[in-house]
Amino acid sequence: MPIAQVNRVRLHYEVTGEGQSCLLISGVGFGGWVWRYQIAAFSTHFRVITFDNRGVGQSDKPDETYTIDTFVTDTKGLLDALQIQKAHVLGVSLGGMVAQQLALSHPQRVDRLILCSTVFGGPNVVLPSMEVLQFMAQPSGTPEERFTKGLQFSFAQGFVERHPEEVVFIRQKMSEHRQPDYAYRRQVMVPLSFNAEPFLSKIERPTLVLAGDQDQAVPVENARRLVQKLPNAQLKILDGAGHLCFIEQHELFNQTVLEFLQGNKP
């Protein structure tokens, strides 16, 4: 089991493929396994690095305050441990916030930037419904009820019913290394203190912003606002997809990202 000791924690990571490095950063509650479709597609072109953020999966889960800077230091530490000077960086949701801050704090380490289902933080973020907010802040019910409701909010309407195999896979992976409640709370609190909007004009790297138009967790308007603030960005909205659009429409998502990484306009 590959482990890197960085920033006082052990991070579990996986490396697949060869070539230029492409780092994938996941969101709250999901380990690096969430990128299985991307690993399969990207690793034929790139050296793909996935990892479990602190607080989830096989990485350490300290019961202490997590911030965006904490995750950025973790991520940079992983790049250092793997002796990667520069990588394409793809982040989803919380991972997209980490990717933004990494590009701001360590611009020399980021080549092309891909931001998926994410926000720039601060007062101008478009919030989800009160029902979703309440669930994210204080999920109630049995673990199975929380799991089921969380997936309903994570995918577009009807996806869970049409794709039970995805539910089985996600349940299996989450149960292998169950995230403690305290670690979930530590992760979910991080976006509350994040605000990159005033600084986005400094991100000069070519950037691709992707979002599903049926995203219940991060309304799609956030993607449009994000693109308006970035000086070298393009937008791709996936019709009929939810928050985990990179799973729901993985073939289109992967094609779009690969075209972008290879220097073509999606």
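Observations, loosely collected:
- Remark on residue 87: its backbone amide H falls under 5 Å from those of 110, 111, a criterion applied only to residues 5 or more positions apart or on other chains, H modelled at 1.01 Å from N.
- 3J(HN,Hα) couplings calculated from phi for the range 81-95 with the Karplus curve 6.51 cos²θ - 1.76 cosθ + 1.60 (θ = phi - 60°) are, in sequence order, 4, 8, 6, 9, 7, 8, 9, 5, 10, 10, x, 10, 6, 4, x Hz; Gly and Pro show x.
- Positive-end extreme of charge dipole, the range 30-136 - chosen from 98, 42, 127 (charges on Cβ): 42
- A dipole drawn for the range 1-107 from +1 and -1 charges on Cβ atoms has a positive end, and of 58, 88, 77 the residue lying farthest that way is 88.
- For residue 61, distant residues with modelled amide H under 5 Å away: 55
- A run of the chain free of exposed loop cleavage sites, with trypsin sites (Lys or Arg not before Pro) counted only in DSSP states other than H, G, I, E and B and at most 16 other beta carbons within 10 Å, reaches its longest extent at 87-177.
- Residue 185-residue 124 FRET efficiency (beta carbon distance; Förster radius 41 Å; 0.05 resolution): 0.95
- Answer label for Rg/Rh (Cα atoms, Kirkwood Rh) (calculated), chosen among (i) 0.96; (ii) 0.92; (iii) 1.01: (ii)
- Set of lysines near residue 202 by C-alpha distance (under 28 Å), chain-local residues within fewer than 8 positions excluded: 76, 86, 229, 236, 265
- Label-to-label distance, residue 85 versus residue 105, with points set 7 angstrom from Cα along the beta-carbon direction: 2.2 nm.
- One chain, two ends: residue 45 and residue 161. Fully extended at 0.36 nm per residue, the span grows by 38.4 nm beyond their Cα-Cα distance.
- Dipole magnitude for the chain: computed about the Cα centre from +1 point charges on Lys and Arg Cβ and -1 point charges on Asp and Glu Cβ, it is near 580 debye.
- Proximal aspartates and glutamates relative to residue 173, as straight alpha-carbon distance under 20 Å, when same-chain residues fewer than 8 apart are discounted: 14, 52, 60, 144, 145, 161, 165, 181, 248
- Backbone phi angles across the range 239-253, fed through the Karplus curve with coefficients 6.51, -1.76 and 1.60 (θ = phi - 60°), yield HN-Hα couplings of 5, x, 10, x, 4, 8, 4, 6, 9, 4, 10, 5, 5, 5, 4 Hz in residue order; Gly and Pro are listed as x.
- Site pair residue 237 and residue 202 shows an inter-label distance of 3.1 nm when each label is modelled 7 Å from Cα along Cα→Cβ.
Since every read-out is calculated from the coordinates, none of them should be taken as a lab result. What you see is a predicted model; the values in this text were computed from it and never measured. Neighbour counts are summed over all protein chains in view; Cβ atoms, including those assigned to glycine, are modelled from backbone coordinates with ideal geometry.
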